[in-house]
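J.: So that we are looking at the same thing, I have put the structure below in structure tokens.
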Amino acid sequence: MQDCTTPACRSARSIFLELQECYEEDNLYFQTIGSVLEAADKLAVPHRLKLILSQPKNEIMVHCPVQMDDGSWQLFKGYRVQHNNVLGPYKGGIRYHHEVKLDEVKTLSLLMTMKCALARLPFGGAKGALKVDPRTLSADELMRVTRRMTAALGTNIGPDYDIPAPDVGTDARVMAWMADTYINFAESSSKVTARGVVTGKPLRFGGSAGREKATGQGLVYVLETLLPGMGLQIDQLSFSLIGYGNVGSWTARLLQPLGATLRTVMDHTGAIHNPKGIDAETLAEYVTQTGGVAGYPHAEAIDRETFYATEVDLFIPAALEQMVDLPEARTMRCKVLVEAANAPTTPKAERHLLEKGVEVLPAILCNAGGVTVSYFEWKQNRQSETWDPDEVDARLRTIMSRSAERVLQTAERLDCNLRIASYAAAIEHINHVYEVRGVFP
Ligand code: GLU
């Protein structure tokens with residue numbers, strides 16, 4: 001391993017030496033745990049907490065044979081990584097992506113632990129994935145593979161134990177199949193509460209109002225709380241987006257009525273630009289029909305380099321991890337980087353942006369709206385209640401703005417950047433709970 005030049009790298013390396021684990025500096029898990037441990041080092045937390053957080057509690061891997069429509073068979077690899085459950089049941093999305101790896105799922109599970117703790121939700125952290133490109137499957141194949149994976153996970157998931165939700169490549173339809181499969185296996189005495197095994201379900205099958213837009217809505221509440229203190233007004237802002245899926249498109253559709261202007265968008269099909277603004281609603285309809293932003297008629301096509309270099313107030317990555325690395329950060333001209341995706345910024349890129357005076361709003365704060373409304377859904381399922389959309393929004397606003405304030409106060413108290421502060425605020429809460437519960441046995 002190369003020599004460490006940053007506190008995050010030093011903290012991660014010393015723990016990994018102790019655990020006899022080896023990671024490269026550019027590895028996503030190493031980078032993420034490094035920042036978490038740097039935050040822990042700012043607090044007087046016991047060493048055992050750092051050890052506990054450094055590895056997930058359980059890493060489950062399943063292989064699912066499924067027959068395709070043409071009669072052939074395929075074997076799909078599935079993961080569920082349960083990072084920590086000291087605050088409550090494991091919680092986190094399940095993604096379908098053809099390039100997914102165990103280290104990525106581990107990283108995302110760690111981020112879920114931090115995210116739920118920062119928002120003070122009664123959940124731990126987990127993440128799941130299926131190695132598949134869902135766009136290559138028919139609806140029937142998607143259903144069969146989803147049901148087979150759910151059955152393979154068996155009692156490793158459950159409404160009181162581990163609660164999956166949508167993530168990249170999955171949606172309410174996939175959650176409905178997961179819930180239905182789980183209910184079929186549930187004891188007759190627990191069938192009513194069994195649908196709480198997943199959140200992000202369709203509205204008519206125990207879903208919550210506001211869950212589909214929740215991540216975008218939560219992000220808007222964070223911006224409303226933090227931007228005025230940075231001297232920025234939403235109605236005068238321009239923004240760029242990476243990704244126009246659930247999170248990206250809802251963010252744009254919710255920022256637009258507040259007066260902000262979408263300038264550029266990039267996704268897996270290409271990048272587009274319109275200096276006068278791109279209509280978020282029309283683009284959302286176009287992407288639903290075509291599968292991507294390329295060819296959108298009311299904007300010009302631009303290349304990747306131009307996309308990153310376009311001057312905007314807010315740069316919002318809302319797709320996969322590590323989309324903003326040092327070469328991109330060097331060309332970026334924005335005031336605030338808003339992490340709507342999980343782990344979109346590499347540590348080198350973040351250091352460069354901070355040195356340039358760019359504010360970086362961390363993912364575990366910005367995108368916690370999704371899991372927060374998942375919590376509302378789980379709560380409604382347990383109580384057989386249905387909350388109206390205004391009630392969901394009001395409760396979400398309270399949790400998001402409190403979390404944002406918590407991060408600001410922690411940054412001031414510990415004299416650190418907002419990412420380290422967000423992890424520190426999460427770790428403080430986890431530490432208090434370990435203090436009262438103790439560590440078994
Ligand atoms: N997949 C979302 C996330 O990364 C939501 C998780 C959930 O609702 O449990 O935060």
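J.: Starting from the alpha-carbon convex hull of segment 240-317, give the projected area averaged over all orientations, in nm². Mind dumping the intermediate values first?
T.: Details: hull surface 17.7 nm².
Its Cα hull, projected and averaged over all orientations, spans 4.4 nm².
J.: Right, here's the next one. For Glu187 and Asp70, compute 0.36 nm times the residue count separating them, minus their Cα-Cα distance, and round to one decimal in nm.
T.: 38.6 nm
J.: While we're here: What ranking do Arg204, Arg10 get, fewest neighbouring Cβ atoms within 10 angstrom at the top? List each step's numbers first, then the result.
T.: On the way: Arg204 8, Arg10 16.
Ordered by Cβ neighbours within 10 Å, fewest first: Arg204, Arg10.
J.: Equivalent-ellipsoid semi-axes (√(5λ), Cα gyration tensor) for segment 235-377, whole Å, largest first?
T.: Each semi-axis is √(5λ); the values are 21, 19, 14 Å.
J.: Right, something else. Using 16 Å as the cut-off for backbone N distance, which residues of segment 330-372 belong to the label zone defined by a point 7 Å from the Cα of Gln236 along Cα→Cβ?
T.: 335-336
J.: Here is a follow-up. Can you list, largest first and rounded to whole Å, the semi-axes you get for segment 334-441 by taking the square root of 5 times each eigenvalue of its Cα gyration tensor?
T.: On the way: eigenvalues 163, 86, 30 Å².
The three semi-axes for segment 334-441 are 29, 21, 12 Å.
J.: Sorting Thr290, Thr261 on the 10 Å Cβ count, fewest up front, what's the list?
T.: Ascending Cβ contact count within 10 Å gives the list Thr290, Thr261.
J.: Multiply the residue gap between His432 and Ser384 by 0.36 nm, knock off their C-alpha separation, and tell me the result in nm, one decimal place.
T.: Length difference between fully extended and current span is 14.1 nm.
J.: Structure shown: which of Lys50/Lys379; Lys213/Lys379; Lys42/Lys127; Lys106/Lys131; Lys77/Lys348; Lys77/Lys127 lie over 23 Å apart, alpha-carbon to alpha-carbon?
T.: Working: Lys50/Lys379 31 Å; Lys213/Lys379 18 Å; Lys42/Lys127 27 Å; Lys106/Lys131 14 Å; Lys77/Lys348 32 Å; Lys77/Lys127 14 Å.
With Cα atoms farther than 23 Å apart: Lys50/Lys379; Lys42/Lys127; Lys77/Lys348.
J.: Same structure again: If you build the convex hull over the alpha carbons only and average its shadow over all orientations, what do you get for segment 324-373? Give it in nm² to one decimal.
T.: 3.2
J.: Now for a different question. Please arrange Phe205, Phe16 by how many other C-beta atoms lie within 10 Å of their C-beta, fewest to most.
T.: On the way: Phe205 12, Phe16 20.
Final ranking by Cβ density, sparse to dense: Phe205, Phe16.
J.: When the Karplus curve 6.51 cos²θ - 1.76 cosθ + 1.60 is applied with θ = phi - 60°, which whole-Hz ³J(HN,Hα) does each residue of segment 303-308 get, with x for Gly and Pro?
T.: Each residue's phi maps through the Karplus curve to give 8, 4, 4, 5, 4, 5 Hz.
J.: Scan segment 31-134 for GluC sites (Glu not before Pro) in coil per DSSP, keeping those whose Cβ has at most 13 other Cβ atoms within 10 Å, and list them by number. Numbers along the way, then the final one.
T.: Details: sites: Glu38, Glu59, Glu99, Glu104; in loops: Glu99.
Answer in residue order: Glu99.
J.: Let me ask you something else. So what are the three principal axis dimensions of the chain from its Cα atoms, in whole Å, longest to shortest?
T.: 57, 54, 44
J.: Say each of Arg135 and Gln409 gets a label point 7 Å from the Cα, pointing the same way as Cα to Cβ; how far apart are those two points in nm?
T.: With each label point 7 Å from Cα toward Cβ, the separation is 4.5 nm.
J.: Within segment 311-345, find all residues whose amide N lies under 11 Å from a label point positioned 7 Å from the Cα of Asp26 along Cα-to-beta-carbon.
T.: Output list for this probe position: 326.
J.: Using Cα centres only, tell me the gap between segment 307-361 and segment 66-144 in whole Å.
T.: Cα centres, segment 307-361 to segment 66-144: 26 Å.
J.: Follow-up question, since we're still on this one. Tabulate in residue order the Karplus-calculated ³J(HN,Hα) for segment 78-91, using 6.51 cos²θ - 1.76 cosθ + 1.60 with θ = phi - 60°, rounded to whole Hz; enter x for Gly and Pro.
T.: x, 10, 9, 10, 9, 7, 7, 10, 5, 8, x, x, 4, 8
J.: Let me have the relative contact order for segment 290-363, percent, based on Cα pairs under 8 Å that are six or more residues apart.
T.: Contact order relative to length: 28 percent.
J.: Label point 7 Å out from Glu300 along Cα-to-Cβ: which residues of segment 248-282 have amide N under 18 Å?
T.: Flagged as within label range: 262-266, 270-279.
J.: Work out how much length Cys4 to Arg333 would gain on full extension: take 0.36 nm times their residue separation and subtract the Cα-Cα distance, in nm to one decimal. It would help to have the intermediate numbers written out before the result.
T.: Details: separation 329, 0.36 × 329 = 118.44 nm, distance 2.84 nm.
Result for the pair: 115.6 nm of gain on full extension.
Taken together, the values in this text are just the output of simple stated rules run on the coordinates, not laboratory data. All figures in this text were calculated on a predicted structure; none of them were measured in a lab. Please note: Cβ atoms are built from the backbone with ideal geometry, for glycine as well, and neighbour counts cover all protein chains shown.
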